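Read through the structure below, which is laid out as structure tokens, and then see the notes.
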Amino acid sequence: MRRNATQVKRWTTIILTAACMLGATLMAYAKDPTGPALEALTEQETDGPAAPQEEEIQAQEPPQPQEAPDEAASQGQETQPEENRADGLVLSGGRYLDPNAPMVALTFDDGPYAPVGNRIMDSMEQYDGRCTFFVVGDRVASYPSEILRMHQNGHEIGNHTYNHKYLDKLNAEQVRSQVELCRQAVASVTGEAPVLVRLPGGRKNGTVLANIPYPIIMWNLDTRDWKTRNASSSIQSVLGGVKDGDIILMHELYSASGDAAAALIPALRERGFQLVTVSELARFRGGLQNGALYYSFGR
Ligand SMILES: [Zn+2]
């Protein structure tokens, strides 16, 4: 009897253990249909700058060109083959924009940094907004999932040099290298090199301007978020003076900047501003030229 009871207990333990393992596996797949491999990559990504293996990057879904009318369709809006609708709205970045209504470009420098960047994108996408991330090239390989999300969801990836050197301290060849290496880093993840350039610290001289054959995007509304690390201060600096065509400077590295963005995005929408990328803003406000400097796109 005693021996039988021990055997029953042992078999019960084995069956329960097997059931638990099966359950855990099913839950892992339910959480992420692509399986635990991508989950592991995501966890590694938030840990910091450790570069994931090449195979892990390739294991993800391949980059796809941005052309997402699905979002508009799911919202019950009329979709037509043409980009321009009869009422003047223009399909861009997966939602419709009114070229004649107020719009501003929120820009976030110094990332990628997934814990803040994904939060900004969550809020942007909830409110039909898109924004521009000026990324530092040597950080890109650490956050491939975040970079792909920017690319696939209609946000804009800009070039903030390869490792954030002040370009006015470099020679011509070094300036060109800083810009080109960042382009390559982004293209290795998305398949598309960024066009717009933002200068680290905004610092420039004749050599810098002569050796960057792309539009250079400055700003006209500076939140100074990197200095204050205070969300209320950043929110106030924007809402206190924002106007149509503004390019707003923020930074992706600080949680306070994420807090500020999460509050600013609905507040700006409520005030009637469309939240657009720099290229969208330029498209409706006169365009861009290589080698030219842009501070805002007011009418
Ligand atoms: Zn910077």
Selection count where residues are assigned to a loop (DSSP other than H, G, I, E, B) and more than 12 Å from the ligand (Cβ to nearest atom), scope segment 195-217: 9
Residue list for segment 115-146, restricted to those being away from the ligand (no atom under 14 Å from the Cβ) and part of a loop (DSSP other than H, G, I, E, B): TYR127, ASP128, GLY129, ARG130, CYS131, TYR143
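For (1) free of Cβ contacts under 8 Å to residues at least 24 places away in the same chain; (2) hydroxyl-bearing (Ser, Thr, Tyr); (3) outside any helix (DSSP H, G or I); (4) not assigned by TED's automatic domain parsing to the domain that holds LEU275, each residue gets a yes or a no:
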| position | (1), (2), (3), (4) |
| --- | --- |
| CYS182 | no, no, no, no |
| GLN236 | yes, no, no, no |
| LEU253 | no, no, yes, no |
| GLY258 | no, no, no, no |
Condition met for GLY245 (in the same structural domain as HIS155 (by TED's automatic domain parsing) and free of Cβ contacts under 8 Å to residues at least 12 places away in the same chain): no
Residues being touching a Lys or Arg at 6+ places or on another chain (Cβ under 8 Å), buried (at least 21 other Cβ atoms within 10 Å of the Cβ) and not β-branched (Val, Ile, Thr) - total across segment 212-236: 1
Residue in segment 223-230 that is in a helix (DSSP H, G or I), away from the ligand (no atom under 12 Å from the Cβ) and either under 20 Å from the mean Cα position of the chain (by Cα) or over 24 Å from GLU270 (Cβ atoms) (or both) present: yes
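The values are calculated or read from the model by the stated rules, or taken from the named source; none is laboratory data. Since this is a predicted model, take the numbers as computed values, not measurements. Cβ atoms come from the backbone with ideal geometry, glycine included; neighbour counts cover every protein chain shown.
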